[in-house]
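The next block holds one structure in the form of structure tokens; read it before the comments.
The values are calculated or read from the model by the stated rules, or taken from the named source; none is laboratory data. In this text the structure is predicted, and so the values were computed from the model without any measurement. Because the Cβ atoms are built from the backbone with ideal geometry, glycine has one as well, and the counts that use them run over all protein chains shown. Heavy atoms of the whole protein, side chains included, go into the accessibility calculation; ligands, DNA and RNA do not. Shrake-Rupley method; radii C 1.70, N 1.55, O 1.52, S 1.80 Å.
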Amino acid sequence: MKAVYDLEDLRGWKKIACETSLPIRLGVVGDPVAQSLSPVMQNAALEKNDLAMRYASFQIAPPELEEAFDLFRQLNFIGLNLTTPHKIAGLSLVEEVEEQAQRIGAINTIVFRDGKSTGWNTDAPGFERAVREVFSVDLRDLRVLLLGAGGGAGRAVACQCAFEHCERLVLVNRTVSKAQALAHELNRYFSGPRVLGPEARLEAVPFEEAALRIQLARTDLVVNATTLGRKHFDPSPLPHSLLAPHLMIYDLIYQAAPTRLLAAAEESGARGANGLTMLLHQGALAFELWFDRPAPLGAMRDALRPPL
Ligand code: NAP
């Protein structure tokens with residue numbers, strides 16, 4: 001099996017199918033995609049469940065997505081994961097979109113069944129499960145400050161906070177107009193009778209130290225959904241001086257080395273976790289949609305552990 005397939009491979013799939021010992025019936029589609037940990041995690045799940053098939057990576061550029069989607073369908077794929085930059089474009093390819101995914105406006109999972117394709121978003125509930133697992137708290141009880149509310153992942157996190165009617169949600173984004181637009185969209189989820197004092201339950205604020213300092217005093221959970229931290233020289237999205245021991249910090253970035261944000265959280269006595277648990281839970285939810293059975297979480301988790 002190749003590490004990454006492309007559109008040319010899909011067009012000549014008969015030849016590929018002859019070369020692989022087990023049929024490839026699932027995959028992740030992205031651009032870039034080589035960095036994805038989904039194949040190692042999903043193949044561990046398939047093996048654990050004695051499902052005689054494989055999950056592969058597909059490097060597909062945006063103009064190629066529609067043709068690739070038709071080929072996946074013709075080739076009897078069971079399902080797909082979509083990653084950057086296809087999560088929004090995927091919406092218009094599937095015949096049906098599940099209700100929450102429709103509200104989020106992005107899909108990361110496709111199920112092909114009975115001649116029909118359905119799009120789901122498992123990033124959002126995967127985030128909620130991850131927070132419960134790593135911090136032993138429910139999202140609905142938290143005051144959340146979300147950095148990077150303008151991106152696709154930030155939007156999924158914000159929507160899940162809204163669906164759960166979390167105590168408070170502060171949307172922060174470099175381009176503040178995007179955070180403001182999202183706050184406007186989610187406003188109806190925060191108009192309930194819960195009374196927490198004079199402060200608004202939903203706010204959009206600029207990515208500025210003074211504004212963040214005020215908000216962090218009334219925050220339980222900080223979520224980093226910016227891309228800041230993916231490169232080793234990236235600065236932390238929050239100045240070290242703003243971190244305090246009462247905070248929980250969830251960084252969606254899931255590389256092995258701690259990001260500057262997580263390193264600073266540890267030094268400040270705050271609890272921190274990286275995005276591996278979200279990756280795990282969104283993948284487990286996708287597996288359950290494809291196979292209608294519980295995902296083997298232990299095997300999937302083991303597959304994601306960095307080698308000692
Ligand atoms: P995206 O759509 O490109 O969004 C990027 C976000 O980061 C935007 O809000 C952008 O703000 C902000 N940003 C970029 N550079 C910045 C800077 N220098 N300073 C401040 N803000 C900056 O990316 P995405 O797909 O949402 O992914 C975001 C992160 O989440 C990535 O690191 C990705 O790997 C991770 N992720 C993890 C999981 C998981 O399962 N753990 C799942 C999905 C994504 P503007 O709007 O102003 O440009």
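Quick notes on this one:
- Within a Gaussian network of the chain (alpha carbon springs, distance under 10 Å), most fluctuating of D114, D141, D220: D114
- Virtual paramagnetic centre 7 Å along Cα→Cβ of D234, amide N under 19 Å, in the range 133-165: 145-158
- Ordering of 94-103, 42-51 by burial proxy (mean other Cβ atoms within 10 Å per residue, highest first): 42-51, 94-103
- Springs join every pair of Cα atoms under 10 Å in this Gaussian network model of the chain, and among I110, I16, I249 the largest mean-square fluctuation is at I16.
- Panel values: the chain, Kirkwood radius from alpha carbon pairs, Stokes-Einstein at 10 °C and 1.306 mPa s, translational diffusion coefficient 79 µm²/s.
- Computed across the range 124-277, the Kirkwood radius stands at 15.2 Å (inverse of mean 1/r, all Cα pairs).
- Looking at the chain, the accessible area is 46 square angstrom per residue; that uses a 1.4 Å probe and ignores ligands, DNA and RNA.
- The count of lysine pairs in the chain with alpha-carbon distances below 30 Å, taking only pairs 8 or more places apart or on different chains, stands at 18.
- Placing +1 on each Lys and Arg Cβ and -1 on each Asp and Glu Cβ, with no other charges, gives the chain a dipole about its Cα centre of roughly 280 debye.
- Candidates S136, S268, S177: whichever shows maximal mean-square fluctuation once the chain is modelled as a Gaussian network with Cα springs under 10 Å: S136
- The slack between M53 and C18, meaning 0.36 nm per residue of separation minus the straight C-alpha distance, is 11.2 nm.
- Our helix-only sum for the chain, with -39,500 (n - 2.57) per DSSP H run of n ≥ 4 divided by its residues, gives a mean residue ellipticity at 222 nm of -11000 deg cm²/dmol.
- The range 4-121, relative contact order in percent, only Cα pairs under 8 angstrom and at least six apart counted: 26 percent
- Each Lys or Arg adds one and each Asp or Glu takes one away; over the other residues whose Cβ falls under 15 Å from the Cβ of A45, this sums to +1.
- For the range 4-121, carbon and sulfur atoms together expose 51% of the accessible surface, with a 1.4 angstrom probe and every protein chain in place.
- Heavy atoms of I24 accessible to a 1.4 Å probe, total area in Å² rounded to 10: 10 Å²
- The C-alpha radius of gyration of the range 140-189, expressed as a fraction of 2.2 N^0.38 Å, stands at 0.99.
- Considering only the chain, percent of DSSP beta bridges that pair antiparallel, nearest 5: 20 percent
- Looking at the range 170-259, the GluC sites (Glu not before Pro) that sit in a DSSP loop and have at most 12 other Cβ atoms within 10 Å of their own Cβ are E199, E208.
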